[in-house]
Amino acid sequence: MKHIILLSVIFSSIIINAQKFSAKVSKTTLGVNERLRIQYTIDKQGIDDFRPPNFTNFKIVAGPMQSTNFQYINGKQSFEKSFTYTLKPKTKGKFTIQPATATFGGKTIQSNKVVITVVKGVVKPKDPNDPDLVAKENIFLVAEISNTNPFIGESISVIYKLYMDTKNAAVSSENETKSPVYSGFWNQNIAIKNITENKATFKGREMSYYILRKDVLIPQQIGKLKLKPLEIEISAVVASGKPRRDFFGRIVRGQKRVNMSLSTGTRTIQVKALPEKNKPSNFEGAIGQFTFTVTNNKKVLKANESAKLEVKISGKGNLKLISLPKIETPKGLEQYEPEHKDGIRTRLSGLSGYIKDTYTIVPQYKGKYKIPSLSFSYFDPKIEQYKTITSNAIIIDVPDGKMPVEEKEIVNSNKNVVSDNDIRSIYTKTTFTTIANKKDFFKSNLFYLLLLLPMLSIPVGIFLGNKKRQRDRDVIGNKQRKANRLAKKYLGAAKKQLGNKEPFYIALEKALHNFLKAKLQVETSEISKEKISAILKQKDVNKQIISKLIKVLNDCDFARYTPTSNLQMEQEYQNAAEIIMDLDKQLSK
């Protein structure tokens, strides 16, 4: 009996001395617009490696705040260490906050779970002295869009502004926590060198504002496109407390620092399709206001002397997405691969500048050469009309040099042309050759060579036949050779830009659309990726190939504006080459 009592006392002592690790909340039911405070407390020293739970469905507004309380009263000591978080619910519902963990005495311990019920927003009586309310009513984050109903391919701009009424609030720091996402848009950010204060009227009040971000967008799809929001966290000092008079009789108010999250909210852009009426057959997606010129630096040349011919588009619009028309030169006038240059500036009004191809042309013979005129068509969204500019034909005069010789041309000079039925004149001068001096063809070197030639051709033919059969059996090799031919045809421009991120992805996307246009007879750059998928499904194209194509097109949208390595660009190029080959095979059935 004594042993049992002693064991009970020891066990009770262990329980009394055991650590207590608990989680307490300020409330278990709250509105979605309210905040929750949760405090984790342990009553023993020696806690280590405190780890909070993943606050799923909640956003941490503040914390962790640490505090330690140590007391020694009447010979008894007490200790308490706490970690406090302020949370904001993301949505309505019933949620369980999992236990926090910590290490104590070399062992892992955990707190209790907490169940929280979040209901719809609670309407609070407005307290004009509440710092959070003051901040909410005097600080605003706004996305200003130049045009929410553009045509596909038409430039628009988005300016992100932080407004504040400086009489009641002042932002001391700002941090971008989530960047906007522009799915379905070509986009480019305009760098802001200095953030300066500006004045404007907003919500009927004179306010200060700061421009945080500027982006230029060009929609690539038709329909409703979503702009995912910009989100920031700020620290601000706001007026707090009731107004009072200081020693000198001036009205003053207290100040309090608050932290808050701001979002522009999701914005919708309704993108219009281009009109089909009066659409030129050579229209390839140029949107804006442009001029088009074809010029050459020399009109008179010598044979084998070079001249420069320049094809240039200038103006304002989607210049980075435009293909220049290609010249065609007549036979005898050799042209070389053009040198491409551009000078494009990105401003809030859109892209402006020029793109040009400079050809080197070299005449081979004497004569006059005509380079046919070129046409360029574009859509002007301001007047909602298509326009076509046609250049003049260019004449290159080569007064000196050798004449071109036609294959079947026979030139007769002071000679009689005699037919087989005419009576020929009797030759009066005859040349005799001694038979003894003439070498006999029989048993000559040429005789034996011609005799052996058929026998030599047999092993050569067998060798070439074996090589052909071997090559035909080389499925992988044939596949690679076909891929190389298709890649060279459609991806030549992209390959030249490997290492130059933005030009590479523009050229890669353009190459895929050119291939699809050639195969489907549809201008795919003007329709959504979903429509492209639907067309390919109607053609019985493998779903996996369609998914690969859409993935590469999406990568072209996003990768231009995110860090990308040369290795990634090489991989994208190879993926595009494989997709073109696979699609060519399936669409050629």
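The values are calculated or read from the model by the stated rules, or taken from the named source; none is laboratory data. All of these numbers come straight from a predicted model, not from anything done at the bench. Every residue, glycine among them, receives a Cβ derived from its backbone with ideal geometry; neighbour counts consider all protein chains shown.
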Q. Can you find a residue in the stretch 46-57 that is part of a strand (DSSP E or B), in contact (Cβ under 8 Å) with a residue 24 or more places away in the chain, within 16 Å of Thr91 (Cα to Cα) and not β-branched (Val, Ile, Thr)?
A. no
Q: Six or more apart or on different chains, Cβ under 8 Å: which pairs go from a residue in the stretch 173-192 that's without any contact (Cβ under 8 Å) to a residue 40 or more places away in the chain to one that's among the hydrophobic types (A, V, I, L, M, F, W, C) and part of a strand (DSSP E or B)? Could you list them?
A: Ile192/Ile211; Ile192/Leu212
Q) Among the residues of the stretch 76-108, how many are touching a residue at least 12 places away in the same chain (Cβ under 8 Å), part of a strand (DSSP E or B) and either among the polar types (S, T, N, Q) or farther than 14 Å from Tyr40 by Cβ (or both)? A) 13
Q. Just one of the numbered conditions (1) of a type in the set (A, V, I, L, M); (2) more than 27 Å from Ser281 (Cα to Cα); (3) outside any helix (DSSP H, G or I); (4) modelled with pLDDT under 80 is not true of Leu498; which one?
A. (4)
Q. From the residues in the stretch 358-374 that are at pLDDT 90 or above and outside any strand (DSSP E or B), which one is farthest from Val216 (Cα to Cα)?
A. Pro372
Q) Would you call Ser157 more than 20 Å from Pro229 (Cβ to Cβ), of a type in the set (Ser, Thr, Tyr) and assigned to a strand (DSSP E or B)? A) no
Q: Return yes or no: is Lys548 surrounded by 16 or more Cβ atoms within 10 Å (Cβ to Cβ), within 29 Å of Gln188 (Cα to Cα) and modelled with pLDDT of 85 or more?
A: yes
(Q) Take the residues in the stretch 376-403 that are farther than 19 Å from Lys331 by Cβ and of a type in the set (A, V, I, L, M); name whichever of them is surrounded by the fewest Cβ atoms within 10 Å (Cβ to Cβ). (A) Ile383
Q. Restricting the search to the stretch 333-374, which residues are small (Gly, Ala, Ser) and surrounded by 15 or more Cβ atoms within 10 Å (Cβ to Cβ)?
A. Gly350, Ser352, Gly353, Gly367
Q) Which one of these is within 15 Å of Arg37 (Cα to Cα) and not small (Gly, Ala, Ser): Lys76, Lys113? A) Lys113
Q. Counting only residues that are farther than 17 Å from Gln220 by Cα and exposed (fewer than 14 other Cβ atoms within 10 Å of the Cβ), how many does the stretch 491-533 have?
A. 5
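Of all the residues that make up the stretch 160-178, how many are in a strand (DSSP E or B) and in contact with a helix residue (DSSP H, G or I) (Cβ under 8 Å, 6 or more places away or on another chain)?
2
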Q | Which numbered condition Ile355 misses (of (1) modelled with pLDDT under 95; (2) in contact with a His (Cβ under 9 Å, 6 or more places away or on another chain)) | A | (1)
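Restricting to strands (runs of 3 or more DSSP E) lying wholly in the stretch 251-337: which have 1 or more residues that are among the basic types (Lys, Arg)?
251-263, 267-271, 307-317
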(Q) Go through (1) buried (at least 17 other Cβ atoms within 10 Å of the Cβ); (2) farther than 30 Å from Lys551 by Cβ; (3) not aromatic (Phe, Trp, Tyr) for Pro180 and report which single condition fails. (A) (2)
Q. If you take the residues of the stretch 290-315 that are at pLDDT 90 or above and in contact with an Asp or Glu (Cβ under 6 Å, 6 or more places away or on another chain), which of them is surrounded by the fewest Cβ atoms within 10 Å (Cβ to Cβ)?
A. Thr295
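Any chance the stretch 89-103 includes a residue that's surrounded by 20 or more Cβ atoms within 10 Å (Cβ to Cβ), under 26 Å from Ile232 (Cβ atoms), in contact with a strand residue (DSSP E or B) (Cβ under 7 Å, 6 or more places away or on another chain) and at pLDDT 90 or above?
Yes: one or more hits.
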**Q.** Residue in the stretch 298-305 that is in the same structural domain as Ile327 (by TED's automatic domain parsing) and either touching a Ser or Thr at 6+ places or on another chain (Cβ under 6 Å) or among the β-branched types (Val, Ile, Thr) (or both) present
**A.** yes
Q.
When you scan the stretch 393-403, do you find a residue that is under 41 Å from the mean Cα position of the chain (by Cα), assigned to a loop (DSSP other than H, G, I, E, B), modelled with pLDDT of 90 or more and closer than 25 Å to Pro280 by Cβ, even just one?
A. yes
